[in-house]
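Q: This is the structure I want to talk about, given as structure tokens.
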Amino acid sequence: MNKINAILTLLLVIILVIGMQYTAKGQGAKNVIQLSGIILGEDSISGIPGVHVYVPKAGRGTTSNRVGYFSMPVLVGDELVVSAIGYEKQFFRVPDFDQDNMTIVIELVSDTTFLETVEIMPFPTEEIFKEAILALNIPLEEHSYDNLNEDLLALMLQTVPMDGAANHRYYMDNWVRYQQDRFGPRPNPLTNPFNWANFFRSLRSNKK
């Protein structure tokens, strides 16, 4: 009786597996395709790096490398969006393909945007601007040499930012500290027993 039950159970499992396979085929299961390609510019020669290739509905995607190449798994019927800053978006639909890999070439078109003219200064013409400059009456004779006071110059020297040489020295000091600390934390001299021994030895020598 146990053998009959085991045989019936095995037959039931086989029937269920076959039924699931037929059900998946009947529902139109989509094939997985490894989609690869290269993204070119308008010159059709140089690849564009950093281009986003993604499937919005599935929430998956990738980016092109430094030569414009990309590769990602997709399903038949996926809608791909190819976008990059400065280029118009391109759309690609994965067709029904018998093989498990596909290679495509995508050419992006520059997205040219024309901005409105902005008036930087209120003078409509260069001649009016020159006339306004020449009409200025600046009392240069009233300027004195108070700004060259020694105390004021000394105060300015203490408060001004570092010059090029000081910035270079600061950078090199930080670089040396980084090289010293890259393999571990800097030791604390208070935790060194030899330093404590030298300290007590110096105290005894001072008493004598």
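The values are calculated or read from the model by the stated rules, or taken from the named source; none is laboratory data. Given the structure is predicted, the values throughout are model-derived calculations rather than measurements. Note: ideal-geometry Cβ built from the backbone for every residue, glycine included; neighbour counts use all protein chains shown. The area values use the complete protein model at the heavy-atom level, side chains included, leaving out ligands, DNA and RNA. Shrake-Rupley method; radii C 1.70, N 1.55, O 1.52, S 1.80 Å.
Results for (1) at pLDDT 85 or above; (2) open to solvent by 100 Å² or more (accessible area, probe 1.4 Å); (3) aromatic (Phe, Trp, Tyr); (4) under 42 Å from the mean Cα position of the chain (by Cα), shown as yes or no for each residue.
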residue: 118; (1), (2), (3), (4): no, yes, no, yes
residue: 126; (1), (2), (3), (4): no, yes, no, no
residue: 130; (1), (2), (3), (4): yes, yes, no, no
residue: 139; (1), (2), (3), (4): no, no, no, no
residue: 144; (1), (2), (3), (4): no, no, no, no
residue: 152; (1), (2), (3), (4): no, no, no, no
residue: 157; (1), (2), (3), (4): no, yes, no, yes
residue: 161; (1), (2), (3), (4): no, yes, no, yes
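Q: Same structure, new question: Considering every residue within region 78-87, establish whether at least one is open to solvent by 30 Å² or more (accessible area, probe 1.4 Å), at pLDDT 90 or above and either over 23 Å from residue 108 (Cα atoms) or among the charged types (D, E, K, R) (or both).
A: Yes: one or more hits.
Q: Continuing with this model, one more query. With the requirement that a residue be open to solvent by less than 100 Å² (accessible area, probe 1.4 Å) and modelled with pLDDT under 80, what does region 164-191 give you?
A: 181, 184, 188, 189
Q: Here's another thing I want to ask about it. Quick check on my filter: what residues within region 23-58 are at pLDDT 85 or above and open to solvent by 70 Å² or more (accessible area, probe 1.4 Å)?
A: Those that are at pLDDT 85 or above and open to solvent by 70 Å² or more (accessible area, probe 1.4 Å): 32, 34, 49, 52, 54, 56, 57.
Q: Testing residue 92 on (1) closer than 15 Å to residue 33 by Cα; (2) in a helix (DSSP H, G or I), one condition comes back false. Which one is that?
A: Here residue 92 meets the rest and fails (2).
Q: Another question, then. Quick check on region 77-89. Is at least one of its residues assigned to a strand (DSSP E or B), over 16 Å from residue 35 (Cα atoms), in contact (Cβ under 8 Å) with a residue 12 or more places away in the chain and touching a Leu at 6+ places or on another chain (Cβ under 7 Å)?
A: Within region 77-89 (the criterion being assigned to a strand (DSSP E or B), over 16 Å from residue 35 (Cα atoms), in contact (Cβ under 8 Å) with a residue 12 or more places away in the chain and touching a Leu at 6+ places or on another chain (Cβ under 7 Å)), the answer is yes, since at least one residue qualifies.
Q: Residues being under 22 Å from the mean Cα position of the chain (by Cα) and not basic (Lys, Arg): count how many of those fall in region 61-79.
A: Keep residues of region 61-79 that are under 22 Å from the mean Cα position of the chain (by Cα), which gives 61-72.
Narrowing further to those that are not basic (Lys, Arg): 61-65, 67-72.
Here the count works out to 11.
Q: Could you count how many residues in region 97-126 are part of a loop (DSSP other than H, G, I, E, B) and touching a residue at least 60 places away in the same chain (Cβ under 8 Å)?
A: Number satisfying all stated conditions: 5.
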